[in-house]
Amino acid sequence: MAIVVELPRLSDTMEEGVVANWRIALGDKVKRGQVIAEIETDKATMEFESFDSGYVLLLVAEEGETLPLGAPIAVLGKKGEDPQEALAAFGGGSGGGEAAAPAPAPEAAADAAASAAADAQAVAESAPAAAPSAPASVEAVHVDPKDRRIPASPVARRLAREHDLELAAITGTGPHGRVVKADVEKAIAEGTGKAAAAPAAGEFSGEVDGWGRPYVSRPDDSVRLSMMRKAIARNMTKAKQETPHYYLTMDVDMEKAFAFRADFNEAVPEGTKISFNDLIVKAVARSLRDFPSVNASFDGDKAIIRGDVNVGIAVAVEDGLVVPVVRYADQKSLEAISRESKALGKSARDKHLRPEDMSGGTFTVSNLGMFGIESFAAVINPGEAGILAVGAIESRPVVQGGELVIRKRMKMTISADHRVTDGAVAAKWLTKVRGYLENPLKMLTDGPG
Amino acid sequence: MANLQIREAIRDAMREEMERDERVFLMGEEVGHYQGAYKCSQGLLEQFGAKRVVDTPITETGFSGVGIGAAMVGLRPIIEFMTFNFSAVAFDQILNNASKIHHMTGGQFSVPIVFRGPNAAAHMLGSTHSQAFDGIYAHIPGLKVVSVATPYDAKGLLKSAIRDPNPVIFFESELMYAVRGEVPEEEYLIPIGEADIKRPGEQVTLITWGQSVPTSLEAAKLAEADGLDVEVIDLRTLRPLDEAAVIHSVKKTNRAVIAYHGWPYGGVGAELVDRIQRMAFDWLDAPVERVCYDDIPFSYAENLEHLSIPQPEDIYAACRKVAYR
């Protein structure tokens with residue numbers, strides 16, 4: 001019997017995915033372990049290696065199609081086998097994932113549990129989410145990009161689709177502006193009807209300025225959310241609805257850190273130079289070791305004190321944000337943290353982060369200093385006790401010993417989960433972080449302190 | 001080739017089958033001594049005698065039932081209705097016996113019978129004598145329904161109907177008995193269930209049958225003068241429907257008009273629309289149009305009757321509409 005390949009769970013929080021690219025074609029021979037597709041998850045585009053071998057009998061999923069976890073995406077088997085038979089046995093029906101999804105979803109969740117056993121919290125969070133993913137399969141994928149119903153005859157629609165034309169860009173001459181076959185044929189002949197590159201030009205509004213010139217009104221545009229945006233929307237809504245945030249801001253003198261970084265970078269070879277953010281990650285990690293309640297996770301009737309200190313670093317990427325994780329950050333040297341965060345940042349921008357690069361974080365650092373932001377409050381990543389929002393290092397006038405002096409200063413704000421930690425504790429923790437940053441040599445000592 | 005009227009083609013079909021098979025006989029009102037109300041049985045009484053050309057009283061239920069019984073015991077009756085309007089009297093025989101006996105006896109009996117006669121509106125016959133029974137009989141499983149518009153089709157299809165092991169409803173038209181056409185001298189049969197392209201075309205599929213065939217051909221000529229190329233398909237058999245021919249044409253032209261004698265509610269026209277929208281949805285460029293009777297009992301008044309019957313201009317207008325002209 002042929003084997004049905006299911007859409008795999010490639011990240012902890014993945015509930016649906018998109019086959020971004022097929023790397024195989026109908027009739028190809030596939031070996032176990034061979035990369036057969038690139039799958040876009042809520043976090044990254046990942047290579048998917050086949051668990052099975054055989055000939056490709058059927059590609060069920062179309063490139064770009066959004067499918068729920070466990071939906072059949074392809075059928076492998078012996079030459080000449082009937083793929084529909086396997087599909088029917090799989091879940092009845094050859095269509096996308098409608099009937100197939102409910103059964104395999106719990107299995108997929110179980111697989112994920114095995115592979116991500118280290119991250120008990122993440123599994124607990126994602127497993128129940130897998131079951132309701134089935135209805136998501138009815139989501140219309142091939143919607144008109146403008147999300148507006150264009151009146152068109154069926155054959156006009158088909159012709160436009162076959163010639164890759166945009167119905168919205170073709171003038172309909174039928175009743176009520178219906179686009180008919182003749183209109184599409186005309187567009188094909190004249191080479192028009194392609195999707196407009198520029199946004200809609202807009203129309204004159206009813207209002208005019210002092211010289212009688214009309215203001216321009218432009219139409220709204222609806223944009224389909226990427227998998228990443230959907231994940232951000234889901235996680236941030238969950239965080240703000242479920243986590244009682246409180247915020248503490250502290251001002252740090254960065255003169256010594258400034259000098260330390262300059263000296264350090266002069267002493268080490270090219271390629272291992274550190275950034276201020278590396279210093280901050282190191283300071284945060286060492287401070288977390290001393291404050292278990294800030295390195296914790298709320299779990300109903302108990303708090304889970306995390307054994308490891310894994311610091312996530314928020315990285316802005318095109319159309320979103322990802323948080324790769326530096327593991328065991330409290331035990332790693334500045335050079336190691338610097339090297340890893342550089343590599344993770346590059347992977348993030350190239351969309352090549354693996355799920356394990358992004359899972360298991362216990363605390364997050366978000367830095368908007370490079371944009372000149374003085375201070376801000378970040379949203380806690382669900383499952384963590386806090387996030388440190390870091391502002392710009394700026395020369396500012398401060399009063400020191402009764403005198404007004406100019407110092408390099410930086411503001412940092414912790415957003416903390418009030419269910420597992422209280423203001424006084426987080427304040428002490430902030431003081432600890434400030435201590436490291438105001439005296440960086442302390443970070444180079446072995447013991448905690 | 002002989003040039004015959006439809007009534008002569010029908011007579012020749014019956015005569016040849018009666019010569020070929022002694023089980024075949026004709027029964028109905030005025031079929032014998034009067035030579036047929038529309039002279040479709042001219043000369044048959046003289047040739048075959050009163051035992052095989054049977055004049056009946058005005059008792060449609062009775063002679064339809066006799067015919068069905070004769071068919072059950074092995075004969076091959078042809079029952080002529082002076083008009084299909086009178087078949088309403090025999091409807092129970094056709095609905096509950098002819099169409100169902102083969103099924104209800106588990107195949108022990110079959111009913112190889114032909115009910116034939118003129119159908120639909122003619123000229124000023126009033127509400128009760130102007131009705132088209134196409135939709136009513138095509139609705140019934142167990143029956144085959146044929147409707148002819150040329151001498152060639154009439155002869156070839158009637159011979160097939162007589163030889164068919166099932167009950168066949170065979171529609172003719174009072175106003176078309178004198179229509180002439182070429183008919184081969186040698187024997188031929190036209191299979192039941194095959195439509196015929198009466199005029200090939202590229203831009204609109206015009207599906208029709210019976211009395212609307214010549215009207216549709218006229219409409220196609222009007223369209224041609226206008227640069228619109230219409231394909232005219234004569235269904236010839238209404239049940240079973242030659243959907244392959246229809247769908248093939250609609251996929252080519254992307255537009256369909258259905259023109260026929262019959263009321264608009266339900267019926268063969270509606271059945272066609274259903275199949276076209278299901279089987280050729282992605283090929284349609286316009287909603288399918290129907291040109292048929294108005295949804296009213298027929299008027300006796302000539303001018304009002306004329307308005308109710310599909311005219312070439314009406315069909316041409318529908319062709320323009322689906323072509324967005």
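From the cross-link list A:LYS238/A:LYS432; A:LYS408/A:LYS442; A:LYS346/A:LYS428; A:LYS273/A:LYS411; B:LYS221/B:LYS251; A:LYS79/A:LYS351, which pairs have alpha carbons spaced over 27 Å apart?
Working: A:LYS238/A:LYS432 30 Å; A:LYS408/A:LYS442 19 Å; A:LYS346/A:LYS428 34 Å; A:LYS273/A:LYS411 23 Å; B:LYS221/B:LYS251 22 Å; A:LYS79/A:LYS351 36 Å.
Correct reply: A:LYS238/A:LYS432; A:LYS346/A:LYS428; A:LYS79/A:LYS351.
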Helix B:151-163 versus the longest principal axis of chain B: what is the Cα-based angle in degrees, 0 to 90, to the nearest 10? 50 degrees
Set the Förster radius R0 to 35 Å, insert the Cβ-Cβ distance between A:GLU266 and A:ARG234 as r into 1/(1 + (r/R0)^6), and round the FRET efficiency to 0.05. 0.15
Scan around A:GLY312 for amide H atoms under 5 Å from its own, H built in the peptide plane at 1.01 Å from N, and keep only partners 5 or more places away or cross-chain. A:VAL326, A:THR362, A:PHE363, A:THR364, A:VAL365
Once both axes come from the Cα atoms, what is the angle between helix B:267-279 and the longest principal axis of chain B, in degrees from 0 to 90, rounded to 10? 50 degrees
Relative to the present Cα-Cα distance, how much length would full extension add between A:GLN241 and A:GLU62 at 0.36 nm per residue of separation? 60.9 nm
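Let me confirm one metric for peptide A:168-177, namely the mean number of other chain beta-carbon atoms within 10 Å of its residues' beta-carbons.
Details: counts 0, 0, 0, 0, 0, 1, 3, 4, 0, 0.
Averaged over the peptide's residues, the number is 1.
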Hydrodynamic radius by Kirkwood for the protein assembly as shown, inverse mean 1/r across distinct Cα pairs, in Å, is 33.8 Å
Rough spin-label spacing in nm, given labels placed 7 Å along Cα→Cβ, for B:GLU19 and B:THR128: 4.1 nm
Which residues qualify? For A:ILE3, with a placed amide H closer than 5 Å and at least 5 residues away or on another chain, they are A:LEU76, A:GLY77
Let me have the relative contact order for segment B:196-322, percent, based on Cα pairs under 8 Å that are six or more residues apart. 30 percent
Can you tell me the mean projection area, over all orientations, of the convex hull of segment B:2-183's alpha carbons? Units nm², please. 9.4 nm²
Give the distance, in whole Å, between the Cα centre of segment B:12-50 and the Cα centre of segment B:151-212. 20 Å
Given a Förster distance of 22 angstrom, what is the FRET efficiency for B:GLN108 paired with B:THR59, based on the Cβ-Cβ distance and rounded to 0.05? 0.20
What is the list of residues in segment B:238-265 whose amide nitrogen lies under 14 Å from a point 7 angstrom out from the Cα of A:ILE188, following Cα to Cβ? B:252-254
Average beta carbon contacts from partner chains per residue of A:155-166, 10 Å cutoff: 2
Where the convex hull is taken over the Cα atoms of segment A:227-444, what is its projected area averaged over directions, in nm²? 12.5 nm²
Shielding by partners for B:251-258, please: the mean number of other protein chain Cβ atoms within 10 Å of each residue's Cβ. 2
What angle, in degrees between 0 and 90 and rounded to the nearest 10, separates the Cα long axis of helix B:312-322 from the longest principal axis of the Cα atoms of chain B? 50 degrees
Counting only DSSP loop positions in segment A:153-245, the chymotrypsin sites (Phe, Trp or Tyr not before Pro) whose Cβ has at most 15 other Cβ atoms within 10 Å are A:TRP211
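For chain B, report the translational diffusion coefficient in µm²/s to the nearest whole number, using Stokes-Einstein at 4 °C, 1.567 mPa s, and a Kirkwood Rh over Cα pairs. Each step should come with its number before you reach the end.
Values: Rh = 20.0 Å.
Roughly 65 µm²/s, to the nearest whole number.
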Rounded to whole Å, give me the distance from the Cα center of segment B:93-148 to that of segment A:149-178. 44 Å
Taking θ = phi - 60°, what integer Hz values does the Karplus form 6.51 cos²θ - 1.76 cosθ + 1.60 yield along segment A:306-316, in sequence order, with x for Gly and Pro? 6, x, 9, 10, 10, 9, x, 10, 5, 10, 6
Between B:GLY266, B:GLY201, B:GLY106, where does the largest GNM mean-square fluctuation fall for chain B, given springs only between Cα atoms within less than 10 Å? B:GLY106
Need the C-alpha centroid separation for segment A:397-449 versus segment A:47-74, integer Å. 51 Å
Square roots of five times the C-alpha gyration tensor eigenvalues of segment A:144-196, ordered largest first and given in whole Å, equal 14, 13, 10
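Determine, from the Cβ-Cβ distance of A:LYS273 and A:ARG349 and an R0 of 22 Å, the FRET efficiency 1/(1 + (r/R0)^6), rounded to the nearest 0.05. Each step should come with its number before you reach the end.
Values: r = 19 Å, r/R0 = 0.87.
It comes to 0.70.
Could you tell me which GluC sites (Glu not before Pro) in segment A:235-334 are loop residues by DSSP with no more than 15 other beta carbons within 10 angstrom of their beta carbon?
On the way: sites: A:GLU242, A:GLU255, A:GLU266, A:GLU270, A:GLU318; in loops: A:GLU270, A:GLU318.
Sites meeting the loop and neighbour criteria: A:GLU270, A:GLU318.
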Potential lengthening between B:ASP226 and B:HIS139 on full extension [0.36 nm per residue; Cα-Cα distance subtracted]: 27.6 nm
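So in the protein assembly as shown, what percent of DSSP beta bridges are antiparallel if you round to the nearest 5? Spell out each step's value before the answer.
Details: 65 of 105 bridges.
Percentage antiparallel, nearest 5: 60.
Every number in this text was worked out from the coordinates using simple rules, so none of it is lab data. Since we're looking at a predicted model, the values are computed, not measured. With ideal geometry, Cβ positions are generated from the backbone for all residues, glycine too; neighbour counts draw on all protein chains shown.
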